[in-house]
Protein chains: 2
Amino acid sequence: MAELAGDRIRHTVAFTPTHTPGSEAEADFLAAAARLENIPGVEAFEILRETSPKNAYRFGISMELADRAAYESYNGHPDHVRFVQERWLPEVADFLEIDYEPC
Amino acid sequence: MAELAGDRIRHTVAFTPTHTPGSEAEADFLAAAARLENIPGVEAFEILRETSPKNAYRFGISMELADRAAYESYNGHPDHVRFVQERWLPEVADFLEIDYEPC
């Protein structure tokens, strides 16, 4: 993942699943989230553990999109919409979206 | 910035300065924050604009440290301690620390 430049957007979401930490249900959810990487335009995709004691989130997703058009295409993609409706909304207890662009 | 692996830690802070957006005081604060890059162990350093409407933060700092020891060394470095006391605490209205490590 190179330093952010031009129109690139780093889209991140810190989140906490509803599932018991370390459970199979949690692992299944993370595996489903990992498949977002296949959506066209998604770059530098990572699923990460959140480890700061300054917040209560347990995981994060980080990805980069080439520009605003690629971001909107990702947001509207059927696989993303379905994932949000069928998995994210029922299985995530708390989350925070943070998007970064170059200064 | 390569994908996070091993003991690496990505340390990020989303924040909003007290200063009027676009003011010289804000620019001066961001310039001071940018000098954190010179602290030994700091890698992949970025100052970024926060652009998601889902939160109120205006900027972010992102950096990577090789491992927990490098992170603690950074946290305790006199330049970091001085920056926090003399600039961060008086000049930041709100902030959120989010740290990521590989799954």
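The values are calculated or read from the model by the stated rules, or taken from the named source; none is laboratory data. Keep in mind that this is a model prediction, so the values were computed, not measured. In this analysis, Cβ positions are derived from the backbone assuming ideal geometry, glycine residues included, and neighbour counts consider all displayed protein chains.
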Report summary line: Contact list, first residue from the range B:43-61 and at the interface with chain A (Cβ under 9 Å from one of its Cβ atoms), second anywhere and of a type in the set (A, V, I, L, M) and assigned to a loop (DSSP other than H, G, I, E, B), beta-carbon distance below 6 Å, six or more apart or interchain, is B:ALA44/B:MET1
Query raised in the report: Any residue at all in the range B:3-15 that is within 9 Å of chain A (Cβ to nearest Cβ), charged (D, E, K, R) and in contact with a strand residue (DSSP E or B) (Cβ under 9 Å, 6 or more places away or on another chain)?
Result: yes
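Being touching a residue at least 40 places away in the same chain (Cβ under 8 Å) and exposed (fewer than 12 other Cβ atoms within 10 Å of the Cβ) is the requirement here; does A:GLY6 meet it? So that I can check it myself, show each step before the final result.
Values: touching a residue at least 40 places away in the same chain (Cβ under 8 Å): yes; exposed (fewer than 12 other Cβ atoms within 10 Å of the Cβ): yes.
In short, yes.
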**Report entry** Pick from the range A:38-97, criterion within 11 Å of A:HIS11 (Cβ to Cβ) and of a type in the set (Ser, Thr, Tyr), ranking: nearest to the chain's Cα centre (by Cα)
**Finding:** A:SER62
Query raised in the report: Has the range A:18-38 got any residue that is within 14 Å of chain B (Cβ to nearest Cβ) and either part of a strand (DSSP E or B) or under 30 Å from B:GLU37 (Cα atoms) (or both)?
Result: no
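Of all residues in the range B:88-103, how many are buried (at least 17 other Cβ atoms within 10 Å of the Cβ) and away from every other protein chain (no Cβ under 14 Å)?
Going residue by residue through the range B:88-103, those that are buried (at least 17 other Cβ atoms within 10 Å of the Cβ) are B:88, B:91-92, B:96, B:98-101.
Adding the requirement that they be away from every other protein chain (no Cβ under 14 Å) leaves B:91.
Residues meeting the conditions: 1.
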Requested in this report: Keeping to the range A:57-92, report how many residues are part of a loop (DSSP other than H, G, I, E, B) and over 28 Å from A:PRO21 (Cβ atoms).
Outcome: 3
Query raised in the report: Which number in (1) under 28 Å from B:ASP7 (Cα atoms); (2) of a type in the set (D, E, K, R); (3) not in a loop (DSSP other than H, G, I, E, B) marks the one condition that A:LYS54 misses?
Result: (3)
Report summary line: (1) modelled with pLDDT under 95; (2) touching a Leu at 6+ places or on another chain (Cβ under 9 Å) all hold for B:ALA5 apart from (2)
